[in-house]
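Just so you know, all these numbers are worked out from the coordinates, no wet-lab data involved. Everything numeric in this text was worked out from a predicted model, so none of it was measured. Virtual Cβ from ideal backbone geometry, glycine too; neighbours counted across all protein chains shown.
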Amino acid sequence: MTIKNIPELDSLPLPLCQPVDISSVFCFDNIDVAVNYYIYDSKRRTIVDFGSSRPCGKNHRRYSIHAEEKAIHYCRNNDKRNRFIIIISKFNKDGTHKYKECCYSCSQLAKKYKYQDKIFTINEENELVNAMIDNPEISLAYKIKYGL
């Protein structure tokens, strides 16, 4: 078994009081499909939670739980003052951030809970941009499931 060296990951383009080790969300095995989320408290200038999307097994009613869904669930339960923002991104193999916008179902979920102005992504220039787009695409799992 060979162990691949983890490249130095790009830092988040946010003013942070203390640096956060985000290397646990980087994995060569699922780099092409994993979407990471970071929940940022703008008042305290800290990352309060971070994680990755979660694939589900065959006997589950859904194929995966998207990073946006996990982040919105966390914010709904823990953000009493409505000051958290959600940042989603993917990594390239060299450790740089990759642009990722919300899919159709995540866009609908964000609009339902009024998070459409609080979800951002990191582009190739390492800048925060809005992750919500006008005509989002349906996720690949739903395309396969419904034959679209």
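Structure above, values below:
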| item | result |
| --- | --- |
| Dipole axis of the stretch 23-146 (+1 Lys, Arg; -1 Asp, Glu on Cβ), positive-most option in Tyr37, His97, Ile72 | Ile72 |
| Tensor-based shape of the stretch 23-146 (alpha-carbon gyration tensor, a/c under 1.5 rounded, otherwise prolate or oblate) | rounded |
| Total charge dipole magnitude, the stretch 54-120, about the Cα centre, Cβ charges on Lys, Arg, Asp, Glu only, Debye to nearest 20 | 240 |
| Using a Förster distance of 22 Å, the FRET efficiency for Leu128-Asn78 (Cβ separation, nearest 0.05) | 0.55 |
| Dipole moment magnitude, nearest 20 debye, the stretch 23-146 about Cα centre, only Lys, Arg, Asp, Glu C-beta charged | 740 |
| Likely footprinting exposure, Cys75, Cys17, fewest C-beta neighbours within 10 Å first | Cys17, Cys75 |
| Gyration tensor verdict on the stretch 74-131 (Cα atoms; rounded if a/c is under 1.5, prolate if a/b is larger than b/c, oblate otherwise) | prolate |
